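Here the structure is laid out as structure tokens; the discussion comes afterwards.
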Amino acid sequence: MNKISALFGSMVFNDAIMREKLPNDTYKALQSHIDQGTPLSMETANVIASAMKDWALEHGATHFTHWFQPMTGITAEKHDSFISPTAGGGIVMNFSGKELIKGEPDASSFPSGGIRATFEARGYTNWDPSSYAFIKENTLCIPTAFCSYGGEALDKKTPLLRSMEAIEKQALRVLHLLGKESVRRITTTVGPEQEYFLVSKELYEKRKDLIYCGRTLLGAKPPKRQELEDHYFGAIKPKVNDFMEELDQELWKLGVLANTEHNEVAPAQHELAPIFASANVAADHNQLTMEMMKKVAGKHGLVCLLHEKPFAGINGSGKHINWSLATDSGENLLKPGKKPIENISFLLFLSAVIQAVDQYQDLLRVSVASPSNDHRLGGNEAPPAIISIFLGDDLLEVLEAVQEGKTEVPPKNRQMGIGVQVLPDFKKDTTDRNRTSPFAFTGGRFEFRMPGSTTSVSCPTYMINTIVADALMNIADKLEGSSNIEHDALNLVRDIYQNHKRIIFNGNNYSEEWVTEAERRGLLHLKSAMDACPHFTDQKNLDLFERQHVLTPVEAMARQEILYDEYCKLINIEALTMLDMVNKDILPAVLIYVKDLSEVVQSKQAISEDVPYEMEKNLIQSLSAACDSLYKKAITLDQHLLEVSSMEDTREAAEYFCQTIIPVMKEMRVVTDELETITAAKYWPMPTYGSLLFS
Ligand code: ADP
Ligand code: MG
């Protein structure tokens with residue numbers, strides 16, 4: 001075995017280890033629990049727990065934890081040691097089936113969106129055996145779902161698991177109707193591409209906005225940004241290379257299939273893409289990836305910024321969610337095959353996605369709504385806030401042909417000569433690359449490009465799963481009892497295309513014309529998070545979640561409440577940080593510069609009235625006027641924060657942050673950036689964009 005394959009998964013209690021360490025009947029019982037949901041006896045759980053503990057101890061673990069994903073967006077863990085005292089004053093290392101299956105963390109410190117108020121503070125974590133346990137920093141981490149005493153989901157994992165079941169159920173119905181009886185399982189597959197920035201730790205520590213908010217709240221444009229496009233796929237700097245190497249190693253140990261690493265469009269921006277996995281595992285692994293990125297960066301004198309928009313004026317970071325469905329025999333249900341027009345299963349699944357995305361544009365928009373992502377969506381760097389689907393010309397032609405009742409599309413010459421003799425001709429991709437579409441078919445999968453870099457994979461994925469499950473249910477309902485399935489299915493594809501083709505757009509989504517065209521088509525344009533969030537609980541959406549058993553109305557409302565609450569908290573922190581930087585750092589620094597300039601004027605005057613000091617006078621004038629205006633705006637901001645702090649209704653408060661507070665912060669930024677441009681470098685109290693991005 002080579003070094004990497006020995007390293008890969010070495011810290012994971014994976015299938016191979018389970019086969020080796022568990023008695024055969026225990027292993028089988030666990031598999032059937034995972035596959036068919038057959039209950040797991042406490043006896044079996046005890047055997048698994050004991051084997052897990054022995055393996056963990058062999059690998060240096062001293063503690064265990066139920067690892068879960070509360071609504072904070074990060075993971076939570078509470079460590080317990082394996083030790084338990086013995087009568088003689090010694091200890092034994094213990095870990096029982098009960099401890100494996102269920103934990104009882106105090107739920108009161110995690111966001112619940114009001115659910116908790118009506119129940120006890122207690123919450124439960126339940127083992128999720130479909131995601132392997134692993135060892136991180138001498139702790140055995142057991143992936144778990146987190147719910148309230150009353151059984152309501154309080155985490156990101158639960159709705160994802162529920163949605164995977166929902167879509168599996170409906171997809172199986174469709175496949176069985178098509179005669180594919182042998183398919184027993186269907187998995188949602190997800191490959192999330194993660195973008196991030198790396199900046200120098202030393203410089204980072206000198207910026208309160210980076211420390212408290214993860215992004216710069218101010219900063220004048222440096223002379224160079226990304227205009228030369230010399231960073232994308234460029235050679236990786238040695239320091240960054242070392243970081244990437246260590247990151248890969250750490251992730252491989254945890255069984256994360258970290259695959260490609262490259263520089264992104266913006267200076268200091270990079271991307272990591274793993275090989276896709278089951279959605280649940282992909283979500284867990286993406287959380288681990290983000291955590292490891294931060295940790296490993298620190299060891300290299302760097303800080304990893306995962307924020308959607310760390311720097312104004314240059315590209316922000318996203319998390320593209322590549323999504324598809326696979327059968328237990330490994331068949332990809334979104335693979336068009338050589339003749340998509342004859343692939344009725346593919347056409348039905350494609351239609352389901354088209355119908356789902358058109359009917360639930362609002363939910364997809366909600367799934368990526370956050371104040372930080374608002375800086376990205378709609379800018380000329382990320383997809384706009386309007387949802388549409390890119391299919392590519394070939395597939396569009398297929399659907400057009402179906403609509404016209406044709407059964408064939410003319411074959412194409414896909415050989416592409418590039419006019420250079422030494423390079424062999426290669427087959428042109430069946431879809432051209434369209435990087436502007438929010439939801440693009442990229443051959444065998446859809447790529448949802450709107451999610452922000454900090455977003456958990458779970459939320460956008462459970463939304464896609466749920467809406468597509470519902471469309472598949474619709475399809476299955478209509479085809480049930482059909483005596484000519486091929487014929488009826490094709491007719492259904494035609495109807496769905498006819499009714500929902502407005503959602504398909506193959507052009508440039510960044511263009512102004514598209515905004516007008518989308519409006520003409522009646523597509524939703526929910527510009528900001530605050531425009532999108534109210535739709536979470538539209539009646540049709542509450543009904544959908546309930547129908548597919550993904551969220552109860554109470555859970556959906558709680559999640560919406562959490563979005564509003566998070567919105568308020570994040571902007572509040574940003575506003576306070578801005579006030580702090582302006583009042584304590586920027587104004588005092590500029591005043592010293594003004595004082596020094598005034599002394600220059602005085603010295604000049606002392607020499608002779610003839611020495612010109614027009615320049616100093618003008619500069620003092622501009623600096624003082626800007627300081628004055630900044631000071632006044634700071635007072636206004638302070639008053640607004642006082643005002644909002646007394647608002648009880650979270651939605652009302654969030655609206656106030658959006659409509660009243662953010663605009664003042666924007667105005668303040670204009671002034672601080674102007675001050676930065678005219679203040680001598682040695683007086684400016686924090687590292688500039690230039691130094692952060694190009695060091
Ligand atoms: P691109 O730059 O074209 O977006 P990348 O190679 O950076 O491509 O990322 C593609 C991502 O899509 C990878 O994470 C890959 O594993 C994932 N992917 C490929 N096929 C599937 C599939 N069937 N289901 C889910 N994800 C997939
Ligand atoms: Mg991509």
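Any read-out appearing in this document is the output of simple, stated calculations on the displayed coordinates, not a laboratory observation. Being a predicted model, the structure only gives us computed values, none of them experimental. As a convention, Cβ positions derive from the backbone with ideal geometry for all residues, glycine included, and neighbour counts pool all protein chains shown.
Please compute the length gained on full extension between Asp673 and Val601, using 0.36 nm multiplied by the number of residues separating them and subtracting their Cα-Cα distance.
Gain on extension, Asp673 to Val601, equals 23.4 nm.
What is the helix-to-structure angle for 512-521, meaning the angle in degrees between its Cα long axis and the longest Cα principal axis of the chain, kept from 0 to 90 and rounded to the nearest 10?
The answer is roughly 40 degrees.
Taking only Cα atoms, what is the 0 to 90° angle, nearest 10, from helix 485-500's long axis to the longest principal axis of the chain?
Compared with the principal axis, the helix lies near 20 degrees.
In degrees, nearest 10, range 0 to 90: what is the angle between the Cα axis of helix 157-177 and the longest Cα principal axis of the chain?
In the chain, helix 157-177 runs at an angle near 40 degrees to the longest axis.
Of all DSSP beta bridges in the chain, what percent run antiparallel (nearest 5)?
Counting DSSP beta bridges with both partners in the chain, the antiparallel share is about 90 percent.
Ranking Leu306, Leu210 by Cβ neighbours within 10 Å, fewest first, what do you get?
Leu306, Leu210
Arrange the following residues from fewest to most other Cβ atoms within 10 Å of their Cβ: Leu7, Leu347.
Leu7, Leu347
Put +1 on the Cβ of each Lys and Arg and -1 on the Cβ of each Asp and Glu in the chain; which of Gln269, Ala153, Ala29 then has its Cα farthest toward the positive end of the dipole?
Toward the positive end, the furthest listed residue is Ala29.
How big is the charge dipole of the chain about its Cα centre, in debye rounded to the nearest 20, if each Lys and Arg gets +1 on its Cβ and each Asp and Glu gets -1 on its Cβ?
For the chain, the charge dipole is close to 940 debye.
Kindly put Asp128, Asp25, Asp638 in sequence by how many other C-beta atoms sit within 10 Å of each C-beta, fewest to most.
Ordered by Cβ neighbours within 10 Å, fewest first: Asp25, Asp638, Asp128.
Report, please, the projected area of the chain averaged over directions, based on the convex hull of its C-alpha atoms, in nm².
Seen from a random direction, the Cα hull of the chain projects 40.2 nm² on average.
Can you run the Rg to Rh ratio on the range 1-154? Use alpha carbon positions and the Kirkwood inverse-distance Rh.
For the range 1-154, the value is 1.00.
Roughly how many whole Å is it from the C-alpha centroid of the range 304-380 to that of the range 603-637?
53 Å
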